[in-house]
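Since every read-out is calculated from the coordinates, none of them should be taken as a lab result. Just so you know, these numbers come straight off a predicted model, no measurement behind them. When we count neighbours, we look across all protein chains shown, and the Cβ atoms used for this are built from the backbone with ideal geometry, even at glycine.
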Amino acid sequence: MTDGDRLGRVAVHYAVVDGGVVGVRAALAEGADPGAADGDGWTPLHFAAQAQEPVIVEELLAAGVFVDVPDGQGNTAL
């Protein structure tokens with residue numbers, strides 16, 4: 001999924017929500033943007049940080065995400 005759904009989320013968002021690093025790796029290997037923001041400005045890193053998924057956070061950081069991207073409320077993943 002490269003186009004966002006009605007929430008603006010793409011495959012890598014859902015892979016993070018599912019908590020599977022294998023799914024995150026697969027989405028990234030297929031060209032998913034690790035820094036894609038949904039309709040609320042949440043990136044996959046926001047979801048991974050909220051879910052306290054350090055392995056997924058590491059995977060996203062290795063893919064080159066920016067850590068200081070604010071969501072719609074001005075909050076970063078940090």
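Observations on the structure shown:
- Computed about its Cα centre, the charge dipole of the chain is approximately 40 debye, with only Lys, Arg, Asp and Glu carrying charge at their Cβ.
- For GluC sites (Glu not before Pro), the sites in the chain that DSSP calls loop and that have at most 11 other Cβ atoms within 10 Å are E30.
- Once the Cα gyration tensor of the chain is diagonalised, semi-axes √(5λ) in Å: 16, 15, 10
- Sparse packing (at most 16 other Cβ atoms within 10 Å of the Cβ) combined with a DSSP loop state is found for the following trypsin sites (Lys or Arg not before Pro) in the chain: R6.
- Note, ³J(HN,Hα) from phi for the stretch 24-34, Karplus 6.51, -1.76, 1.60, rounded to Hz, x at Gly and Pro: 5, 4, 5, 4, 5, 5, 7, x, 4, 7, x
- Neighbours of D40, meaning other residues whose beta-carbon lies under 15 angstrom from its beta-carbon, give a summed charge of -1 when Lys and Arg score +1 and Asp and Glu score -1.
- Relative protection proxy for 11-18, 42-49, from highest mean packing down: 42-49, 11-18 (other beta-carbon atoms within 10 angstrom).
- Cut-off 11 Å between beta-carbons: net charge of the residues surrounding N75, Lys and Arg +1, Asp and Glu -1: -3
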